[in-house]
1. Round to a whole angstrom and tell me the spacing of the C-alpha centers of segment 452-485 and segment 263-281.
2. Loop-only trypsin sites (Lys or Arg not before Pro) in segment 212-264, please: DSSP not H, G, I, E or B, and at most 13 other Cβ atoms within 10 Å.
3. Which GluC sites (Glu not before Pro) in segment 214-268 sit in a loop by DSSP (not H, G, I, E or B) and have at most 12 other Cβ atoms within 10 Å of their own Cβ?
4. Taking the chain, how much of its Cα-Cα pair set, in percent, is spaced more than 28 angstrom apart?
5. For segment 366-472, which chymotrypsin sites (Phe, Trp or Tyr not before Pro) are in a loop by DSSP, counting at most 12 other Cβ atoms within 10 Å?
6. Toward the positive end of the charge dipole of segment 93-317, about the Cα centre and with charges on Cβ (Lys, Arg +1; Asp, Glu -1), which of 170, 182, 115 goes farthest?
7. Taking θ = phi - 60°, what integer Hz values does the Karplus form 6.51 cos²θ - 1.76 cosθ + 1.60 yield along segment 89-101, in sequence order, with x for Gly and Pro?
8. Count the DSSP beta bridges whose two residues both fall in segment 93-317, then state the antiparallel fraction as a percent rounded to the nearest 5.
Amino acid sequence: MKFMRNTLAKIIFVLLLSVFFISGKVETALQNEINELSSDSVLVHGAWGLCVMTADSGKLIAYHNMQQSLIPASTLKILTTGAAIGLLGPAFKYETTIEYDGIYDSINGIIKGNVYLHGAGDPTLNSFRYATGDTISLFESLPFRLAWKGIKKIEGNIIGDASCFADNPIPDGWTWSDIGQYYGAGTCGLSYSDNSVSIYFNSNNEDSCNITHTKPVLEGVTYKSDVTANAQRDEALVYGAPFGNIYYVHGYIPKGKKEFEVKASHPDPAYQCAKDFYDLCGKMISIVGKPTTVRRMEVLNEKVNKNRKILSIIYSSPLSDIIVKTNINSDNTYTEQLLRTLGNVKGSGGTTEAGILVVKKYWKSLGVNLDGLYMTDGSGLSRSNGITPLVQTTILQKISKQKWFPAFLKSLPVAGKSGTMSSLCVGSLAENNMQAKTGYINRARGFAGYVKTKSGKLVCFSLLANNYDCSATVMKKKLERILVAIANLN
């Protein structure tokens, strides 16, 4: 019996050991960090997983719960942006077209019909991420383009056409507390100004913070606020639905601010685009009609003419640059625009669901087993998403073999230097050496990316933690220790 107990104990020990690492392949520092986090009381009610493999051969180096599906938060963006650049190519550019129906009287410079802003899903149109100071924006130059063509009068409406995407802009699984915020701005086929709006408060009176104005000015939209000024930072939340006309603002902002900005999602970006274009054109071109959108016309059963001619085309920056803006800044709106673009260009239509099917099909085509992957959006904002560290690391390994890998790698924040990794791993071997996509939503943190180890070997990794009993900052520090240990591998 004693022999059997000893044998059983040895078997259990070996099995437990295999959960944490591959025997003989993990060095003491990383092994110790894995063991320490595995026994940490803050994860008694939670879960975490790790997978580390070589980029050249895909050989596993270390793992813990690597086949457990965990909430990835924004590390999910790797799947969407990787599939986008893989399927569309680094040089892909969006084309937003300025079109007209009816007749163009070129002699008198009159368009006897409507002018359309026909979107293709470009997330960068008038985006603050492409702001150039006082230089006139690409969008603001459009009226000049029309004037240069000799157009003096438009005898019709200015119509925003966002029909390349489905009207429902919000993916399933996004919460009511997210969709009113700037980071929860939904998609739009005619995305404009990051699909966001700024609400300005005067907080000089601590008991009553008044909304002074919004930028842009929103027609027919009312903001109701019970915001008070007793916070050190922006703790205000905006609640409202897409295409709605009443938004509620609740929470706290710092006191003593004459003009404090709270950013929120825009209820109708396509209309805002049409209205701003209408206002800009009106300064140099006579317009008989009004600004509107295809969606609004369809609601009113008004005829939408699809027989149009192109006046001008706005080209976006190349996709390789767009994914840098997306991943470095962890931009949810950019990512969801890319996902629906994949559905529209490579799938059955401009919906979230079609985009997800395209993304999954692409990774399967590269030989990735997607067991344990659950996608309800492309950005990771939904808590319904799930992925295993093994799946995520395998995808990173496949990416490292693609000819566009350098362009993708450029999009990942650098430890101690840029984006959401700028404050991490400072003073360690990982600083300026590790590049990873970070992820954070309530009770979910993660890191996924690449690092050159002490020996110069490039490795891929995925590190995810959910439902921990500590603050997000404390958990980040605990995971940071594992990141540093990975970088120190020989």
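1. Rounded to whole Å, the Cα centres lie 42 Å apart.
2. 233, 258
3. Sites meeting the loop and neighbour criteria: 219, 259.
4. Across the chain, Cα pairs with separations above 28 Å total 58 percent.
5. Counting only loop positions with at most 12 other Cβ atoms within 10 Å, none of the chymotrypsin sites (Phe, Trp or Tyr not before Pro) in segment 366-472 qualifies.
6. The Cα lying farthest towards the positive end belongs to 115.
7. Each residue's phi maps through the Karplus curve to give x, x, 8, 4, 10, 6, 10, 9, 9, 9, 10, 9, 10 Hz.
8. In segment 93-317, approximately 65 percent of DSSP beta bridges are antiparallel ones.
Readers should treat all values here as calculations from the given coordinates under stated rules, not as data from a laboratory. The structure displayed is predicted, hence computed values, not measured ones. All Cβ positions, glycine included, derive from the backbone under ideal geometry; neighbour counts span all protein chains shown.
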